[in-house]
Structure formats: C-alpha cells, structure tokens
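The values are calculated or read from the model by the stated rules, or taken from the named source; none is laboratory data. Note that the coordinates shown come from a computational prediction; the quantities given were computed from them, not determined experimentally. Positions of Cβ are generated from backbone atoms using ideal geometry, with glycine treated the same way; all protein chains shown enter the neighbour counts.
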Amino acid sequence: MGKNGAAPSQAHVVGASLPRIDGYAKVTGAAIFADDIALPRMLFGKLLRSPHAHARILSIDYERALRHPGVVAVAVGGDLPARYGILPSAQDETVFAIDKVRYVGEPVAGIVAEDELAAQQAAALIEVRYETLPSVMSIDEALLEVDGSGEKIHPESRKANNVHKEVHLTFGDLDAGFAAAERIFDDEYFFEGNTHAALEEHSAIASFGADGKLTLWSSTQTPHYLHRVAASVLDLPASRIRIIAPPVGGGFGGKTEPVAHELAAAHFSRKTGRPVKFTLSREEVFYTHRGRHPVRIHLQTGIRSDGSIAACRLQTWLDGGGYGSYGVATTYYTGALLPVTYKMGAYAFDGCRVYTNKPPCGPKRGHGTTQPRYAFESQLDEIANALGLDAGAYRAAIAIDPYSRTINHLRVTSCGMREALSAVAERTDYSEKHGKLAPGRGIGLAASAYLCGAGLPIYWNPMPHSGAIVKVDRGGGVTVFCGTSDCGQGSQNMLAVIVAETLGIDILDVSVCAGDTDLTPVDLGSYSSRVTFMAGNAARSAALDVRERIAAAAGAELNIAPDRCVFERGRVFDRDEPERALSFVDAARAAEASFGTLAGVGSYTPPEDLHGDFKGSGVGPSPAYSYSACVAEVEVDFETGEIRVERIVLAHDCGRALNPAIVEGQIEGSAYMGMGEALMEESAFRNDLHRIPNLLDYKTPTILDTPRIEAIVIETEEREGPYGAKEAGEGPLNPVIPAIANAVADAIGARIYATPITPERVLQALDGTTGKLRLRAPVATRTA
Amino acid sequence: MLRLPTFDFQPARSVEHAVALLAVHGNDALPVAGGTDLYANMKLGLFAPRLVVGLRSLTELRRISFDSQHGLRIGALCSLDAVARDSAVMAHYPALARAAAMVGTPEIRNMGTIGGNLCLETRCNYYNQSAEWRKAMGHCLKRDGDICRVAVHSPTCKAINASDTAPVMLAYDARIALVGPNGERSIAVRDFYQNDGAHANVKRADEILTEIVLPVPTSGTRSTYRKLRLRNAFDFPLVGVAVAVATDADGICTQARVVLNAVGSAPLEIVAAESLLLGTHLRGESTADAAEEVFKAGKPLENANAGLLYRKRMLRVLAQRALEDVVRPLH
C-alpha cells in the first residue's frame, strides 16, 4: 500500500530504479551520522599518538594533563591491556600501546575533557619518554634479517626478519605447464598503497548506563565484530553491550574492524559515568588507515601457442604496516581470485606479508585482489599485443565458463564476463581504436571478478552469516530488522526492496531497522560485498516465512488454497481469478487473528561445497562471483606527462539489478575511485612520517578531473542470489585501474609498471629512463 | 576533529579602527579577511592570535574601478570570484582574471579575497601540518625551529609563495596600498615580497593591505598565467608562470614581464628571459631562448606535491606555452 493506502504504481519493486528509501534524509541533511549524536553531559575524547615509528615506551606522566582545566580522565595502555584484532590469528593490538609503538600515529594514551579543545590541548601535556628503535619502512628492509642493532617490530614473531605471513599454494603441475608453454611472460609490478578517503571521519559515542549496560554508537561497517571485541577488551558480557551503527558516511573497508577510539570511548564512559564522544581528525584517519596494502608483484605466465594459459605463477609481497589487521586474509586474497576470471593449466601462488613501521594496512574496496588484478590485466594486455590478438576477444576466449570450477577449486556459478567484455568493447569501438589512435591518445581494456561475500566467517562458527526478522503491523506497515550497516552502498534500501517485492507492497511501507545489536539479528557486516547476497537472502527468507501465514489466512478468507495467493500492488489475490482479492492490510489482519503476532525470521548460511580442502582454502570461496569489464580512453600530454582520462565505460555483471540506479551509482563510484588509485593516490612517507596526511595534499580526483563515466549493467540470473542478485559494491573497481594503465601504454607506447601513473612517471617512461621493474636481492623469501 | 584555538574576534569599524587594534595588540593580533588561509593555519597550530580583527565589515574595500587614465583599482576585500568575473579585469588584465579563477575551489574563491591572496602565507609540506606532525618531524625555521627541513643548510626559510595572483600583479607592474598607524604608503608589488619564507613580505603587523592599483596596460599588451597542478581544482601551483608582453605596430616587443611563482618564497621575475624577448618579433627562437632562461633560473625544492626535477622541467614547458599564448593572436 502506498502512503495514502493507494496501490503501488508498479507490480515489481525489483528491477525498478526507485529513489532509495534513505535518500530523502541524506539529501536534505536530516540523516543522523555518528558525529551528529550529542548526549547530555557528554565528554569529548582525544588520543595522544606516537611521534615515533618504532620506539619503546619508557614512561608516561600525565599529572599535568589531568590538572588542565576541563580534563576529567586519562588512560594509558595498562588500563586496557587486553589484546585484540579482527582475525583470531592476529590478536596483536591494544587500545593504547603497551611497552612499544610501531608507527607514527599509534595511540599511546587517551584523554577526556569537557570540550574537545581542552582534550586536544591537554593531550599535548602528557609526557611520554621513548627510547627510539631503528624503523623499518619498506618491504625490502622488512625482508632483511634483523641484526643486533635492531629489533623486530613484533619480537615474538618466529622469523628472523619482519615477515608476518607466508603463503605457498600450488594447483596443477606448474613445471609441466611452463614446459608446455610456447612463451613465458615474466614481469614485475608495484602497486602503491592508498587509503579509503571516506568523507566521514570515524566517530564513536559511548554511554554507560547506571544499569551497567553500555551503548556504543560508531561509524562502523561491522557492528557485530565491534560487539565481540568490545566485550572482550572491556571484559563485559556481550549481553550488556549494545552496538548501534548509524548511517556511515562512506567506509570502503576503512571501518571494518574495531579500532582504538571506539573502545576508548567505551572505557572512558564506564570510568566517568558520562557519555563520551571521539571523532577523529582527518589526519588521525590517515593513521587509523587499514587501507590498501602496497604490493610488489612478480608474475610469470606461460602461454600455449593458441594463447591459452598453460601456467601462471604469482608472487606477492605486501607491506602490512605495524599490525596484523586483516592482513592474513589480504595475503591470501592477493592470490585467491586471480583464477576466477580465466582458465589456467596450472597455478602457483606465493604470498608474503611483512610488518613495517607504518599505519596498519587492511582491506580497501577489492581487498587484496585489486593489486594483482592490475598486474595480471596489464600483462594480459602485453600478451595480447605480442600475439597480435584483440584484447577483448582474447580475454573472452580464455574466460572461465559459468558453472565450473577454477584451478584453485573455487565454485563458479553465473558468469557474465564475456557479455561485459563485448559490451565495453562494442560501446567504445575498442577494436577499431586500439593501437591506431594518434600519438598521445590511447584506449585500454581490462576485466575482473569479485566475491559476493566471503564464504567463511572471520571467526569459525557454524551459525548463519546473516539473519533477519520481518514484522507486520496491523496497519500494513512492515519492518525488517537486520544487523547490516549501511555505509552508503544502499543496504537499507536493498532490504526494503527484497521485503516489498516478496510481500507485494510499496517500498515506502517498509521500514528498515538495521545495525543495532539489541534489536537486529546478526549480520556479519558490510565487507567482502556480502550484504546483498547474504542479508538479502536472509530478508527474503524472513519475508517468505511471514508471507506463508498471511497466505494461509488470506486463502481461508478467499476460499482458495494458500499457494494460489499472489502478493502484488498491495493486494493478495487469487492467481486464477484475480478479482478475488483482499488488501494486504486485511490479509495481514486476518493472519494476525489466526496466528497471533506476525513476524517471520530468516537466515542465510553459504553452501559448503564452494572450495577445495587445503590449508588456506577458506579465503576466496564465495557463493557467487561478480564479473566486470572496463574500457578507458586517455589523452597524454607528451610535454607535461599529464594524463586526462576522457571516458570510462564500465560494465558489471551484478546478477539481477535489484535497483539499477544504485548499481549504476556503484559502478560510477568505482570508476572514480579506481581512476584516483591509478593516477594520483599514494600513501607516501618521509622520515618515518606519513608525508601528506590531509586531503589537500593526498590527491583524489575532483569532479573536474572526472571523465564521462558510462555504466553498463549486465544482468545474469544468479540462482542462489536473492531475486537473482549478486554484488556491485567492490567488483567494478578492479578493472578500472588496469584499463587506465593499458590505455596509457597504448597512448605513449611504453608501459609503466607501477602505480600511481603520475606525470613524472609518464615522462620517465617517454625518456626511456624507466622500464621494467627489477626486484632487488631479498626476493627469494621462500622458506628453505 | 581539529578545533580552532580560542580567540577574541572584533570586526573592524573602519580601516583606521582595524589598524589601531592591530597597533595596540601587536603580535597578539592578526587581521582576517576571507579566512580561507588563516583559520586553516590556526587549526594546525601555526598561529594562535589572542585577537582576530575582522576586515569583512570594511565594505568600502570591495570596489573595483577602471578608467583609461588611472587604470584599475581593486579594493583588497574583493573576492577572488569578483575579480575573476569583473568585466574590466577580463578586458584589460586577462591574466589576473585567469589567475584569480584558478585559485582553490569555488567556495574558496567566494570567501577568499584578492588582498588575502597577495598576503597568502608561504607554504611548505614541512610546515602546513598539524602541531603533532611537526613535533614528530622536528620543527623548522618558519615555526618553532632553527633549521630549514627542506634545505638544511639554508639560513632562511624556503617555504613557497603559492599565490596565483602575485606573479600576475608583478607582471602588470601593480602597486599596493598599505595603511598603518602613520597613514598610507604605496609600494610596488615587486618590492612587497622578499625571498624569505618566514618573512615573505614587508607588510608590518600593524598594517593592512587596502588596495591594489594596476596601471593602464600599454596598448598592444597581451598577458596570461599558466599554472601546473595535479588536479583541475583545489591545488596550489606546483609552478606557475605569468607573462605580459607589449608590442609596437611592427610587432616588435617593447615590454616584457616573465614572472614565476611557487619556485621560491617570493614571485621571481626572470629578467634574463625578458631581455631576450625585447626587440624581437616574439617568434620561435626568442621564445624558446626565453623559456630556457626560465628553466635555468627557477630552482624548486623538494617541498611541494611533485618532485623538484619534474617541477623544474615543467618551468620550460609552462614558459614556452605561456609565451605561445600571448604571441599566437599577434600573428
């Protein structure tokens, strides 16, 4: 039913580009983000951060800070000694550093005061004495054995150097594959680290009630994981903690793990009995980071005479920063998804993540798959050129088939990669243009694949990945409760679409209550592009659960079998005689009269046959994969090296588009973000410090730098997805970066083997002063 | 988030009032016009005035007038957007319109003033950082320290003059009016700046810049401003080149100004390049030679958002292109 009891204007919500339900509040400024929350008697917090990249903490004296006017409390490492980390295997952080610091910007103490300025000024009065240690600022340095003058970043780690994690996996007979190859392409690449640059700086507000219960609002993508970690670090029963995720002003992976300020807010609220807010400055967001790992890549691909891939060996070295974060998963991800796009005869992957004295790296949109995808699609471009093949047709010829298994045993279901490839090639006349444009102009193509949710949870458990409750009110209003966090991707709207479609009602008659651990069943969070697939399936199943009772009651009223009931346009009617009908409201009332309070529950657990059985097989499997293809056109100024991206055409197989406008928005955002990573963004360091921790100097494209973006929605029918849907949030980003790299190579006749592709690098390539990257000595890190 | 330190704010009732407040409070007071530079710097802890004297109330400093006898007079409080869109500026001083339109973003051009842009704090990526960052890196000559981080042996601060309009004003031989307790003085923009990033202009703490006067350009003058930046908005110049040339009826160059910004703490006039242009037809060889002089004279350092070798190399390209801009319509 519409607002005034009018029937919805269309029979189906799925597939319609309706305005998103949370759009009204966001566009008008009415939406309440975390930092908008203000509670009576609220205190403001500030973290004191380390000025040293690697140092032992000798002493902390905060007496002067405590005496500063307005200051209420101070806390240091010993006050919250519990170690935590997002992965069970990497419990290596504390809220405030204990004994030593591992990057400039690491929290060392916290302070709360009556206002933010007092907290900021008093933090500077805390005196910390350090003994500095030699810092490790690059992959090369981290691979060296630590000698007597140094100290490992994590002294307890088993290796003699600063390696955090090594992975070695082989599928098929690699030697035979390379032996069968007619040509072997052997290249090295470097993908620079970068950050999420979400508009909203992280914010958390904690309120510890007199009843001993904690409520914590936080701009988090993963309220459930925050719930678990808060319970453990604060040593409180989870049943006494309520986590609420307000609308998040952009996440991109930067808000997917609990970090210091959230736990500090909770600690201080408990200690002071007053609400406490921490909102990070932009500079602090750069230190909190968890952004894209810098990755050095060595890629060897053996090609048979027909162009098919006989063997591929990928080696990656990840610069992890000071702590584990998601890094073990990231390391696996650099290798796991490469075979999801193309058939390979054999595949070997060696990954190595190192600790360095930089802010910890973690997941950013495309999590670990973006860097090797850039390398692989760049090399495929060279292979196609060398073989005299059209880059699009070549990729289509070696593409993975729908409903097949990859060389690393991953189950592939629907796959629209060939359709995406031909869509972008045809839209741009790629084949007519590539290699034939005027000097300085270039066109490039690339493809990719991504998860629709990690097939396994971050901590092992046999429970569902997502749950939903759908409650029907006597007035016909329907509320869906689900633990999702909307970081702008549209998960609120997605839940409403699924429930409105299932119950045949107007989308505005659905309210969504999400991201509140007191009110909503668990959803694991907004990461790995899992929400549409998993929470969508849970919500659909909950809606079907309640629909069954409504159908039974309506069937009884209409004297028909329940399975003849059709739910559409706010009515419940007979499939065979549509004039036999009840309004949805009357049907719901009849159902409540018959069955009592009307609510349905549903949950989703991924199937178990998604992957092989080997150590490490848990990273990479997903119930489905999305596929994307991109063509970029660029113009390069030979004198200044400046690159102008003129056009990005990006096609994405999202299964069925639940709301095509939102899918297009995700595709456009991916094109924009990918372009920034390709051309500008870099986590740059100088003398152990982040060189440019602000959004003036850290370059992301402005709208004036952003080209025409053409989003093409490729629809496949994903059997296991909710109404056939897959994902659109992360996958479309991946092909953009290599497409631009390939376009630049086409434009200047030389390849740049590193990101970002800056004007300086373009000129160096044109001068012939840089060519292929060559790795230096410590490359051979395979364990003996 | 970063908070502004506490301070008193007093709007000026008149130029004299503003000057009196500044004179009384000395180094404890700073004037503010648009605030796009000052408040950001205050958040970073670079300035902590006890009193901020607001100049926006001085509406008499928001006028632009032009006449063919005296040239252009711009009140210092005119917004950069107003300058960029003014019909007399566009007609007679196109390089100024162009430079003003290339500052920052539309929001900054709406708030930021022409006087403020000429007084823009010199910039350096060792300096425009938070108090915590600067403490971690170690302080520098410009603020709290005793060495220059970018040129450790330099006795003076090497922060960059990043004002887009300053080199243009110099190319137009503009003068500015400074009003202090002892009245008004007029100085050439050329003499306003000094090549010390920590003391980048000669304005005294108790003076305010009230007006900019640009002489009527010699007939046949052509001018432009070229700015290199990594993005098409927001960014300060990596290097910039302002050019103004006048030619006689035969197309012979009679006046030439070539001025760089962002390569030092003051706009840098390249007299050697100008000499090469004077008396020529401004064709290929003379402009290429002039561009070469620009390349040789400009010495950027490693304190902006691109490498110094790249910025130096771009000086030649920008100078060449700027000269082509002003020459092209002549032939």
Query - Which listed residue is within 28 Å of A:P732 (Cβ to Cβ) and of a type in the set (S, T, N, Q), from A:S594, A:S603, A:S583, A:S626 - result: A:S626
Query raised in the report: On the given criteria, is B:N261 under 16 Å from the mean Cα position of the chain (by Cα) and outside the structural domain of B:A84 (by TED's automatic domain parsing)?
Result: yes
Query raised in the report: Could you list, in sequence order, the residues of segment A:290-344 that are in contact (Cβ under 8 Å) with a residue 60 or more places away in the chain and among the β-branched types (V, I, T)?
Result: A:V295, A:I297, A:T301, A:I303, A:I309, A:V328, A:T331, A:V340, A:T341
Query raised in the report: Got a sec? Which of A:I757, A:I740 is under 30 Å from the mean Cα position of the chain (by Cα), closer than 20 Å to A:F376 by Cα and either modelled with pLDDT under 95 or not in a helix (DSSP H, G or I) (or both)?
Result: A:I757
Requested in this report: Could you list all residues from segment A:368-390 that are buried (at least 24 other Cβ atoms within 10 Å of the Cβ) and at positive phi?
Outcome: A:G368
Report task. Check whether at least one residue in segment A:690-707 is surrounded by fewer than 20 Cβ atoms within 10 Å (Cβ to Cβ) and farther than 30 Å from B:E107 by Cα, and report yes or no. Result -> no
Report summary line: Per the filter on segment A:230-251, residues over 17 Å from A:I37 (Cα atoms), crowded, with 24+ Cβ neighbours inside 10 Å and touching a Pro at 6+ places or on another chain (Cβ under 9 Å) are A:A230
Query - Top-ranked residue of segment A:605-638 - restricted to ones that are among the aromatic types (F, W, Y) and more than 20 Å from the chain's Cα centre (by Cα), ranked as farthest from A:E715 (Cα to Cα) - result: A:F638
Query raised in the report: Looking at B:S68, B:S14, which is the one that is at pLDDT below 95 and either more than 30 Å from A:T288 (Cα to Cα) or crowded, with 16+ Cβ neighbours inside 10 Å (or both)?
Result: B:S68
Report task. Name the residue, out of A:N408, A:N357, that is touching a Pro at 6+ places or on another chain (Cβ under 6 Å), assigned to a loop (DSSP other than H, G, I, E, B), at pLDDT 95 or above and over 17 Å from A:A651 (Cβ atoms). Result -> A:N408
Requested in this report: Please find, among B:R185, B:R204, B:R149, the residue that is among the basic types (K, R) and either within 14 Å of chain A (Cβ to nearest Cβ) or under 30 Å from A:L689 (Cβ atoms) (or both).
Outcome: B:R149
Report summary line: Checked segment A:677-719 for anything assigned to a strand (DSSP E or B) and within 14 Å of chain B (Cβ to nearest Cβ); matches are A:F685, A:R686, A:L689, A:H690
Query - Residue list for segment A:185-216, filter: over 30 Å from A:S325 (Cβ atoms) and surrounded by 15 or more Cβ atoms within 10 Å (Cβ to Cβ) - result: A:F185
Report task. Report yes if A:E664 is under 22 Å from the mean Cα position of the chain (by Cα), within 28 Å of A:L380 (Cβ to Cβ) and among the acidic types (D, E), otherwise no. Result -> yes
Query raised in the report: Residue check: is A:G440 surrounded by 18 or more Cβ atoms within 10 Å (Cβ to Cβ) and farther than 30 Å from A:T406 by Cα?
Result: no
Query raised in the report: Looking only at segment A:406-433, which residues are small (G, A, S) and in contact with a Ser or Thr (Cβ under 9 Å, 6 or more places away or on another chain)?
Result: A:S414, A:G416, A:A420, A:A425
Report task. Could you figure out which of (1) within 14 Å of chain B (Cβ to nearest Cβ); (2) part of a loop (DSSP other than H, G, I, E, B) isn't true of A:A728? Result -> (1)
Query raised in the report: Is there any pair linking a residue in segment A:597-626 that is in contact (Cβ under 8 Å) with a residue 60 or more places away in the chain to one that is among the polar types (S, T, N, Q) and crowded, with 19+ Cβ neighbours inside 10 Å, with Cβ under 6 Å and at least six apart or on different chains, and which?
Result: A:G602/A:S541; A:Y604/A:S466; A:Y604/A:N537; A:H611/A:S617; A:A624/A:T413
Query - Subset of segment A:97-132 that is in a loop (DSSP other than H, G, I, E, B), among the β-branched types (V, I, T) and closer than 22 Å to A:V233 by Cβ - its residue that is farthest from the other protein chains (Cβ to nearest Cβ) - result: A:I98
Report task. Taking A:Y323 as meeting all but one of (1) among the aromatic types (F, W, Y); (2) in a helix (DSSP H, G or I); (3) within 20 Å of the chain's Cα centre (by Cα), write down the number of the exception. Result -> (2)
**Report entry** Hey, B:D235 more than 28 Å from B:D37 (Cα to Cα), of a type outside the set (G, A, S) and not in a helix (DSSP H, G or I) or not
**Finding:** no
Query raised in the report: Residues in segment B:290-309: is at least one over 21 Å from the mean Cα position of the chain (by Cα), surrounded by fewer than 19 Cβ atoms within 10 Å (Cβ to Cβ) and at the interface with chain A (Cβ under 9 Å from one of its Cβ atoms)?
Result: yes
